Amino acid sequence: MPTKGRILRVNGPLVVAEGMKASQMFEVVEVGDLGLIGEITRIEGDRAYIQVYEDTSGIKPGEPVLGTGAPLSAELGPGLLGQIVDGLERPLGRIAEISESPFIQRGVKVPSLDRQKKWHFVPKVKKGDKVYPGDILGTVQETQLIEHRIIVPPNVQGTLKEVASEGEYTVEENIGIVNMNGDEVPVSMIQKWPARIPRPFKEKLEPSEPLLTGVRVLDTIFPLAKGGTAAIPGPFGAGKTVTLQSLAKWSSAKIVIYVGCGERGNELTDELRAFPTLKDPWTGRPLLERTILVANTSNMPVAARETSIYMGVTIGEYFRDQGYDVLVVADSTTRWAEALRDLGGRMEEMPAEEGFPSYLPSRLAEYYERAGKVRTLGNLDRFGSVTLASAVSPPGGDFTEPVTSNTLRFVKVFWPLDVSLAHARHFPAVNWLQGFSAYTDLVSKWWDQNVNPQWKEIRESMVKTLIREDELKQIVRLVGPESLSERDKLVLEVARLIKEAFLKQNAFDDIDAFSSPQKQYRIMKLIDFYNKFATNLVEKGMPVKKISEGITVVTDIIKSKAIIKNDELNKYDELENTLKSQFEQLEKKVI
Ligand code: ADP
């Protein structure tokens with residue numbers, strides 16, 4: 001019997017109900033005459049504290065509260081791709097169709113997955129087969145880009161008594177019956193999973209393959225790995241959204257879940273508008289065919305923002321379990337943490353740093369813990385990954401505030417955006433002195449095998465030059481430019497080349513937006529070549545000014561990123577030859 005209680009008090013999104021003794025922590029309840037959806041976040045005696053995900057105005061003490069007996073769960077199955085859902089996984093597009101309004105009416109119950117739509121199911125197992133959690137029962141070509149693999153849910157195993165033949169089925173129709181210790185368990189294409197609990201897998205593996213983004217400063221200077229974690233903190237206007245959209249569009253993940261927890265309604269509307277128009281750069285198909293958007297519109301209360309990242313990552317894990325590399329992008333976790341703070345305050349919890357609840361760090365840790373490259377459940381070896389990349393929007397750009405500083409403790413890649421770089425139109429405005437990646441060594445093997453064994457060495461040399469440049473700039477500030485030796489001046493010149501030719505990248509330029517790893521390497525090689533030859537000449541006594549004047553091809557090298565396409569890299573040979581011959585000419589002038 002589900003619990004039935006009564007509302008005692010209403011405080012914004014927080015409702016306290018009595019008569020709730022039989023309810024459970026994190027149980028979903030229907031609140032008030034409208035049946036608003038809420039979740040129990042604290043139980044004291046027969047009182048339950050409920051976080052309500054819809055606007056509670058007009059709801060009064062005395063109205064009923066009904067338990068559902070189930071935790072907040074994600075509905076998983078074909079039909080998710082291309083959807084825009086809210087933090088409760090309600091399909092905003094279909095709701096708009098049904099209610100002929102873009103705003104969700106309160107209390108509206110629309111299932112996440114379309115119940116009418118038929119999918120073409122192709123079985124991969126037969127009657128009598130033994131199946132275990134994670135085994136693939138069959139497939140559905142959900143979109144042109146993605147084959148949806150229907151997997152045995154984590155709690156089902158046994159012998160298949162029946163398997164549906166190839167044909168058209170709705171998500172609710174049975175596609176198999178599993179004999180589980182004598183019980184007949186019907187299996188459909190839908191499964192449910194509690195959003196706050198990680199989905200199971202066989203084994204977590206160390207990430208080793210880069211999650212390529214095509215953004216040079218990210219891939220080469222601070223690489224992310226499939227199954228890794230990254231944070232992008234930056235003040236307003238520093239380029240968080242552009243960077244996250246580049247990731248969604250270009251990264252080597254097969255499936256992208258974009259969780260938008262915008263504060264201002266228009267921030268998110270822009271994203272929602274932008275996404276349906278984006279094309280998958282690899283196939284020319286709509287990007288939505290491999291993307292799911294979890295969005296909180298401005299008219300939704302803060303509580304729904306809190307759940308959205310869990311919905312996003314649960315959907316991500318489900319596709320991971322099918323054997324896909326998934327990227328879950330959250331924009332931004334600061335808004336999520338603010339929702340947590342708001343709700344904690346209403347619950348009269350003791351606030352910790354800057355009013356955030358004391359459990360903020362553990363919640364962040366739990367979230368990032370859900371990233372990983374795994375060996376999935378299932379009989380046959382299958383691997384999948386969930387990569388988590390989140391924007392953080394520290395007020396005033398102060399990285400010591402609690403959300404940024406705690407996030408930093410749990411992520412392995414840090415891409416800090418610097419407003420002064422953004423003002424100087426240096427995009428992506430990733431601060432190369434503050435950023436870090438713990439995956440550089442792990443992924444360098446991949447670069448070694450797939451691109452060039454020199455990648456790591458040249459990368460290190462570039463990073464060293466940038467660090468040295470910073471030191472030299474400080475010296476110049478203190479004692480003036482006269483104090484610099486010719487060698488030092490060369491460092492500044494090479495650093496300029498690194499920034500202009502490599503780090504700066506225009507996300508809106510058709511050619512420059514995405515650099516293949518091979519292209520990144522070709523540019524790096526030119527920079528390295530320049531560095532070595534110029535150092536040699538400086539050592540022989542040539543002033544840097546003369547080198548800069550003599551090596552005119554540098555201008556073309558800088559421009560090449562937006563001229564040479566990823567599939568015409570042999571054009572770099574020409575630049576390399578010119579560079580070489582210009583240096584040979586200069587060398588002759590050394591006396
Ligand atoms: P945020 O989300 O941090 O507030 P945005 O991502 O909206 O910032 O970026 C602000 C502006 O900066 C963009 O509208 C764009 O003009 C510029 N910008 C950011 N990143 C890039 C980039 N990689 N290439 C070109 N322009 C960029």
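The values are calculated or read from the model by the stated rules, or taken from the named source; none is laboratory data. Everything quoted here is computed from the prediction, not taken from an experiment. Cβ coordinates were reconstructed from backbone atoms using ideal geometry, including for glycine residues, and neighbour counts include every protein chain displayed. Note: areas computed on protein heavy atoms with side chains; ligands, DNA, RNA excluded. Shrake-Rupley method; radii C 1.70, N 1.55, O 1.52, S 1.80 Å.
Checking ASP441 against (1) within 16 Å of the ligand (Cβ to nearest atom); (2) open to solvent by 40 Å² or more (accessible area, probe 1.4 Å); (3) under 22 Å from the mean Cα position of the chain (by Cα); (4) of a type in the set (D, E, K, R): exactly one of these is not met. Which one? The number of the failed condition is (1).
The single condition among (1) open to solvent by 80 Å² or more (accessible area, probe 1.4 Å); (2) of a type in the set (Lys, Arg); (3) in contact (Cβ under 8 Å) with a residue 40 or more places away in the chain; (4) under 30 Å from LEU417 (Cα atoms) that ARG522 does not satisfy is (1).
Being surrounded by fewer than 21 Cβ atoms within 10 Å (Cβ to Cβ) and within 16 Å of the ligand (Cβ to nearest atom) is true for just one of ASP510, ASP528. Which residue is that?
ASP510
Residues in region 129-160 that are modelled with pLDDT of 95 or more and farther than 21 Å from THR376 by Cβ: THR159 only. Can we say LEU218 is at pLDDT 90 or above, under 29 Å from ARG522 (Cβ atoms) and within 12 Å of the ligand (Cβ to nearest atom)? So LEU218 fits the description; yes. The set of residues in region 200-227 being surrounded by 23 or more Cβ atoms within 10 Å (Cβ to Cβ), part of a loop (DSSP other than H, G, I, E, B) and of a type in the set (Lys, Arg) consists of LYS226 alone. Scanning region 228-251 for residues that are part of a loop (DSSP other than H, G, I, E, B) and either open to solvent by 10 Å² or more (accessible area, probe 1.4 Å) or free of Cβ contacts under 8 Å to residues at least 40 places away in the same chain (or both) gives PRO235, PHE236, GLY237, GLY239. The helices (runs of 4 or more DSSP H) found entirely in region 364-478 that carry 3 or more residues being in contact with a strand residue (DSSP E or B) (Cβ under 7 Å, 6 or more places away or on another chain) and not assigned by TED's automatic domain parsing to the domain that holds LEU492 are 402-410, 440-450. For VAL430, indicate whether it is more than 17 Å from TYR324 (Cα to Cα), open to solvent by less than 40 Å² (accessible area, probe 1.4 Å) and touching a Phe, Trp or Tyr at 6+ places or on another chain (Cβ under 9 Å). Yes, satisfied. Considering only residues of region 56-68 that are in a strand (DSSP E or B) and more than 32 Å from the chain's Cα centre (by Cα), which is nearest to PRO2 (Cα to Cα)? Here the residue is GLY67.
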